[in-house]
Each structure stands twice: as structure tokens, then as C-alpha cells.
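Following: one structure in C-alpha cells, then a few remarks.
The values are calculated or read from the model by the stated rules, or taken from the named source; none is laboratory data. All values reported here derive from a predicted model rather than from experimental measurement. We place every Cβ from the backbone using ideal geometry, glycine too, and count neighbours over all the protein chains shown. SASA here: full protein model, heavy atoms, side chains in, ligands and nucleic acids out. Shrake-Rupley method; radii C 1.70, N 1.55, O 1.52, S 1.80 Å.
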Amino acid sequence: MVRREFLKSAALAGGIAPLGATAKEPLPRRQYKDGIELSIIGFGGIVVMGQEQRDAGRDVALSIDRGVNYFDVAPSYGRGEAEIKLGPALRPYRNQVFLACKTRERTAEGARKELEQSLRRLHTDRFDLYQFHAVTSLEDVDAILGPGGAAETFLKAREQGKVRYLGASVHSTEAALALMDRFALDSILFPVNYVCYAQGDFGPGILARAKEKGVARLALKAMARTSLERGAPRRYPKCWYEPLDDRETVAQALRFTLSEDVTAAIPPGDERLYRLALDVAAAFRPLSAAERQQLLAATAGIRPLFPTA
């Protein structure tokens, strides 16, 4: 019953086939590094926040069944709740998946403590990808890379086999470019969003530099529309922004992001939106030039989540 509800059919919209036609098809996969292929939709750990453990286990199992093999989490999600819930849910599948984690700590000692805590919570002895989290300013970059900075822990952890690849999630173009120029990242996780492209010029510069340096690209905020007004109610409590939620627009937005030469995209943490993203991505086809132009033109007057500066 749960599976039937999870995979129920929906009408054709935005170039997406009915779910019944694609429910048994695995998600497409793309190259990350060294022959590793990731599902084009990743499971963000925020999905399990607020869930009972059995429901977290159900959503992870259903995701595995749909072909998801890329899971991303951070200790800051729900003050540890996401890691605590995801660990047991993912444990039966650990050797089948690519597990990414992050830290906001900027010092070597702080990063070391948080890495060890995350490994314990997630019932694993290594992460496939460990990332500097929410790098936003040049001050963040200087702290990470300076004496006693978090980069020291990252490099040592890689030598010890506790992490395989090193990455960063970034929230500003300036910080992203500086970090890529000064540190050999394996991948970068950043917003690739049609509104941000058109109205904030945020994303293209990061994408171009990452491609130039051979850094794998992972996408955030594909399904974001705009920021919420101060005091505005949240229809989706786990989203700090206003997400897209109608199938046709979600289809166009995800097609835009997945057409931008990225490996994978992580949808919003709301369970309903995550499941919608799975359904849409199962029948992905690139945007045509005309569709892309039309979608970007439709953003006129929308405030982007991230400006270029």
C-alpha cells in the first residue's frame, strides 16, 4: 500500500510521462569521479527530519528502490536529528550508496570533532564525500585554509581513509571562486536555479570555473522560486524559501538544472516535494534552447534567492 501510494500515477505535464510508465525505471545516473555514477536526484537528509524512525526507513528504502544512490546530510540539519534518523535507515544499504556529509566548523579541531560525531551517528566508518558547509564569504575561505583551519582535518581524514572525496557547499560566487582557486576540491555543491541565473546572475560563473578545474558539479535549490517575505507563513515548514510545487513548473525547473552539466540535484527536504522531484526526473529530457529562453524570460520581477555578489 505504501509503495502504491508513493508511486501513484499522475497526468502528463511539462514533458513528463505518467508515473505509471516510469515507476519501475531507475533514475538516470551520471558520472561524478573515477567512474562513480550518481543518481541525478539525491536524497537530502532534511527529508527525515520530523519523521518517526520507521517512516525514515520507509522513505530511504523506497528511494533505493527508485534508484537513488546519492545521500547528503549535515549535523546542522535539525541539530543532529537528520543524521540520527538517517543512520539507522541507511545502514542496510551503506555499501550501495554514495554518502556525503558536511561541517560548518572552520577550525581543524572543530571539524575533527564534528566529523567523528557524524560518523558515529550515521553508523559508518567513512564518508564518500566530506564538504565544507555553507561557505559564504572570503573570511570563511581564509579560516578554512589558514593555519589550524578545517582543511587540515579534511586532508588528514582523507589520508586515514575516513573520507574519500573533498568538497564544499557554497552560497556566494566570490567565496566559491576563491575556494576553488586555492584548494583542490573534488566537487562543489551550489544553487543551480533558473531564477538565480536570470535575475541574479548566480551560478554560471561557478559552473564555468568548476568545469575549467575539473571539479564535479552538484546542484541545490533547483525547485526554489524566491525568498519568503518576513513573517510570511511557511506552507512547507522545512523550506526557508518559497518552493515550486506544481508539477509543470517543477518539471521545467528541474529540466533546466539538469541540463546545466551537473551530476545531480538535491531537491527540497519536504517529503512531498522530494517525491515529486523523483517522479519528474525519472523521465528527464534536456530543455531545448527555445524552452530555456522562455523559462528564463518568465522570471521577470521575481527576486532571486542568491544574487551574484
Legend entry - Breaking point among (1) within 23 Å of Cys239 (Cα to Cα); (2) within 21 Å of the chain's Cα centre (by Cα), for Ser259: (1)
Inset, instruction - Could you tell me which residue of the range 221-259 is nearest to Pro28 (Cα to Cα), considering only residues that are open to solvent by 70 Å² or more (accessible area, probe 1.4 Å) and in contact with a strand residue (DSSP E or B) (Cβ under 6 Å, 6 or more places away or on another chain)? - result: Glu248
Inset, instruction - Taking Asp72 as meeting all but one of (1) touching a strand residue (DSSP E or B) at 6+ places or on another chain (Cβ under 7 Å); (2) without any contact (Cβ under 8 Å) to a residue 40 or more places away in the chain; (3) among the acidic types (Asp, Glu), write down the number of the exception. - result: (2)
Inset, instruction - Among the residues of the range 278-295, count how many are open to solvent by less than 40 Å² (accessible area, probe 1.4 Å) and more than 24 Å from Phe98 (Cβ to Cβ). - result: 2
Inset, instruction - Count, please, the residues in the range 244-272 that happen to be part of a loop (DSSP other than H, G, I, E, B), over 24 Å from Gln51 (Cα atoms) and either of a type in the set (Lys, Arg) or in contact (Cβ under 8 Å) with a residue 60 or more places away in the chain (or both). - result: 3
Legend entry - Number of the exception - Ser172 against (1) without any contact (Cβ under 8 Å) to a residue 60 or more places away in the chain; (2) open to solvent by less than 60 Å² (accessible area, probe 1.4 Å): (1)
Legend entry - Unmet criterion (only one of (1) in contact with a Phe, Trp or Tyr (Cβ under 7 Å, 6 or more places away or on another chain); (2) under 26 Å from Asp246 (Cα atoms); (3) β-branched (Val, Ile, Thr)) for Ile206: (2)
Legend entry - Residue tally, condition more than 25 Å from Ala253 (Cα to Cα) and in a helix (DSSP H, G or I), over the range 40-65: 7
Inset, instruction - Could you please let me know if Arg303 is open to solvent by 20 Å² or more (accessible area, probe 1.4 Å) and within 26 Å of Tyr77 (Cβ to Cβ)? - result: yes
Inset, instruction - Can you give me the number of residues within the range 153-172 that are among the charged types (D, E, K, R), more than 27 Å from Gly203 (Cα to Cα), outside any loop (DSSP other than H, G, I, E, B) and in contact with a Leu (Cβ under 9 Å, 6 or more places away or on another chain)? - result: 1
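For Glu152, are the conditions met, namely being open to solvent by 40 Å² or more (accessible area, probe 1.4 Å) and without any contact (Cβ under 8 Å) to a residue 12 or more places away in the chain?
no
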Legend entry - Boolean, Arg275 is open to solvent by 40 Å² or more (accessible area, probe 1.4 Å), in contact (Cβ under 8 Å) with a residue 24 or more places away in the chain and assigned to a helix (DSSP H, G or I): yes
Legend entry - Failed item, numbered, when Ala198 is tested on (1) open to solvent by 40 Å² or more (accessible area, probe 1.4 Å); (2) small (Gly, Ala, Ser); (3) over 25 Å from Ile41 (Cα atoms): (3)
